[in-house]
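What follows is a single structure, written as structure tokens, with notes after it.
The values are calculated or read from the model by the stated rules, or taken from the named source; none is laboratory data. Computed from a prediction, not measured in an experiment: that's the story for all the values here. The accessibility values were calculated without ligands, DNA or RNA, using every heavy atom of the protein model including side chains. Shrake-Rupley method; radii C 1.70, N 1.55, O 1.52, S 1.80 Å.
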Amino acid sequence: MTGSADTDEVSTEHSSVSTWMQALGTATGNPGGGAASGLMLAIAAGLTAMVAGYTRATHATEDASGQDENGSEAEAEATIAALRTRAEARSELALRLADEDAHASRAFGSAFRLPAGVERDEAIRGASIEAAAASARLGEHAVDAIDDLAWLTEHGNPALIADVAVAIGALRAAITGARTNVSFDLGSVRSAHGSLEEVRADEPRLWELVPVFDRALERIDRLAASIDSEAAPTDAAS
């Protein structure tokens, strides 16, 4: 739905930026950190598509010595076009995933407002797992985006390396948000008198995604470091 500042729901996919930001600053939690993570993924994907749009085969097929190292220009153009298509689709998907995360978060909040008892415990357990799953979906798509940004760090238009750096930062924020929310939501099962050991046994896939996201963050940090001298050359002079 198209949201406004005074409605109960604001859609990341359909609201204006100003409306969404105003809603983010209200004490409703809708949108909240999960939706913000989705927005950061969309920003990263949008910048990836933009840089790909400015990248030509000559950027991808020649190294500093002018030697062909990645095959024909036709192959490079096909790689660039496919990368751009993926990034554009990922940007749209990220906004939908942000709204899915917001929906799961509302159910999560509603469960905690129920009166104490078995029904509340069951609702908390179910809502916690669903919220973790929503954040996990977002995080997995964010991890998938790393390869395309890595390619652009090496073969993208060098005039837009600063935009690649911003995209890397946005993607890092998206994965950080997904990792933290998955972990937090799984931990919330303890409010339903469960234990982390039970969660690990019942939801092994979600549990194992946290270290996957940790490794993804380490890779992103290496990517950022690899282009820092190009993206921020004044650092070398200070």
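Each stretch of four or more DSSP H residues adds -39500 (n - 2.57); spread over every residue of the chain, this sum gives -25500 deg cm²/dmol at 222 nm. Once you sort the root eigenvalues of the Cα gyration tensor of the range 189-238 as a ≥ b ≥ c, which label holds: rounded (a/c under 1.5), prolate (a/b larger than b/c) or oblate (the other case)? Prolate. Put T48, T26, T234 in order of accessible area, highest first, and with a 1.4 Å probe you get T234, T26, T48.
Note on I161: accessible area is roughly 20 Å² with a 1.4 Å probe, heavy atoms of protein only.
Here the chain has 53 percent of its accessible surface on carbon and sulfur atoms, given a 1.4 Å probe and all protein chains in place.
Per residue, the convex hull spanned by the Cα atoms of the range 167-213 amounts to 54 cubic angstrom. Scattering from the chain was approximated by placing one identical point on each alpha carbon and applying the Debye formula without solvent; log10 I(q)/I(0) at 0.09, 0.10, 0.13 1/Å stands at -0.45, -0.55, -0.83. When R86, R172 are compared by accessible area of protein heavy atoms, the largest-first order is R86, R172, using a 1.4 Å probe.
Residues in the chain average 51 Å² of solvent-accessible surface per residue, probe 1.4 Å, ligands and nucleic acids excluded. Each residue was assigned an accessible area with a 1.4 Å probe, and for H14 the value is about 100 Å². Hey, how much of the P(r) for the range 103-166 falls beyond 18 Å, as a percent of Cα pairs? For the range 103-166, the fraction of Cα-Cα distances above 18 Å is 56 percent. Only helices at least 27 Å long along their axis, Cα-based, and averaging 1.0 or more on Kyte-Doolittle count here, so list those DSSP H runs from the chain. Result, helices passing both filters: 33-54. Using heavy atoms of the protein chains and a probe of 1.4 Å, the accessible area assigned to R96 is about 100 Å². Accessible surface comparison of F108, F213, probe 1.4 Å, protein chains only, largest first: the order is F108, F213.
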